[in-house]
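Here's the structure we're looking at; comments come further down.
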Amino acid sequence: MDVAEVLREHWDLKPARLEVLTGGMNSAAWLASGADWLVVLKSVGLSDSAFGPGLELAARLDDAGICTGRPRPSKHGRVVERVDGRQVAVLEYVDGVELVPSDQAAIGELLGRVHSAAALDAGEVADWLQFLLPFEDCLDLEPWIRPAVEGAVADAVALGSVSWAWLHGDPAAEAFLRQADGEVALIDWGSAMRGPILYDVASAVMYNGDPVVPAYLRQRPDLTDELERGLPTFLRVRYAVQAGYFAWRITNNILTGISGPADNLKGLTDARHSFGL
C-alpha cells in the first residue's frame, strides 16, 4: 500500500514524514505528519467486522470527554475507506506514556467511565458468544481446548442476565496512555464490540491484575454484586477466547504482530495454564 498516496487521495493530507509503527496482532499502522498535523493511519483486513464500529465508538466516547484517538473522516465523510483489499482509517494521534500493568487504579477507573458512557440494554449472552465461531474448526488442535472452551461458554450462559455496554475488547495496559495533563486516554478500538461488561473487566484483570476491580467499582458501585457473582466465570471465558484465538493462529500459521511461531505457542500455553491444566 502506498500510504502517502492513500492519505492524499482519501484525506487530502500530504505527509512530509511517514514512520512505520509496531504492528498489532491483526493490523498495520503508520505515523504520518505534516506542517501542523499528526495522525495514525491504520489498516486491517476486510473481514475485520469490528473495525468500523470500534472507530465510531471511539468518536462517541471522545465526544463524551474520554480521549480515544478519534477517527478523522475522509474527504467523502467516511471513517473507513477500502483501499487495495484493506480497510483503512486515519486516527488523531494521542501523545502520552503507556501505562504498565501496575497502574491498575487508572486502568480500572477509566474502564468504568467507558462502560458508564457506553451502556446498552442487555442482550443474550448465548448470542454474543457466537463471536467464537471462527475458531470452531481449530479447537481440536490439542485435546484440552474444546472441553475448556465449551465449559466456559456453558457457565457464562448459565449466569443469566448481566449488564451490557460497548466494550473496548482488549484493555491491556499499553492501550492506556497518560497524557501531559495527567489525564488517561484509551486507544486501539479495533476489538470493540457490544457485550457483557464482565468480559471487559475480566480482560483487564487478565492483563493487569485483580486491583483493577476495586478501582473499577469506584466508578461503577452498582455492579459490585454482579462482578462478585460473574467475574470468575468471565475470566474463564476470556481464557477460552485466548485459547481459541491462538489455536486459530497456529492452525493457519498467522504470524502478524509477533516474532515467530513460538509466540503463538506461548499464547496457547498461557491459556492452558490459566485453566489449571
For this session: Take peptides 117-123, 191-197, 10-16 and line them up by average Cβ neighbours within 10 Å, highest first, as a rough protection proxy.
Result: 191-197, 10-16, 117-123
Exercise. Based solely on its DSSP helices, what 222 nm [θ] is calculated for the chain when runs of n ≥ 4 H residues each add -39,500 (n - 2.57) and the sum is averaged over all residues, nearest 500 deg cm²/dmol?
Worked result: -13000 deg cm²/dmol
Exercise. Which of the aspartates and glutamates could be linked to LYS75 by a straight reach, that is with a Cα gap under 20 Å, when you skip same-chain ones fewer than 8 residues away?
Worked result: ASP2, GLU5, GLU9, ASP12, ASP36, GLU56, ASP84, GLU92
Seminar exercise, completed: In order over the stretch 261-272: 3J(HN,Hα) from phi, Karplus 6.51/-1.76/1.60, θ = phi - 60°, whole Hz, x for each Gly or Pro, gives x, 4, 5, 5, 5, 4, x, 5, 5, 4, 4, 4
For this session: Would you mind checking the radius of gyration and Dmax of the stretch 38-98 based on alpha-carbon positions, in Å?
Result: 11.7, 34
For this session: Express in whole angstrom the spacing between the alpha-carbon centres of the stretch 92-109 and the stretch 218-277.
Result: 21 Å
For this session: Can you tell me which of 180-189, 234-243, 135-144, 208-217 comes out highest on packing, and rank the rest after it, using the mean Cβ neighbours within 10 Å?
Result: 234-243, 208-217, 180-189, 135-144
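What does the convex hull of the Cα atoms come to per residue for the chain, in Å³?
134 Å³
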Problem set entry | D_trans [Stokes-Einstein, Kirkwood Rh over alpha-carbon pairs] for the stretch 27-72, 10 °C, 1.306 mPa s, µm² s⁻¹ | 134 µm²/s
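Read-outs: derived from the displayed coordinates by stated rules, not from any lab. All figures in this text were calculated on a predicted structure; none of them were measured in a lab. Neighbour counts are summed over all protein chains in view; Cβ atoms, including those assigned to glycine, are modelled from backbone coordinates with ideal geometry.
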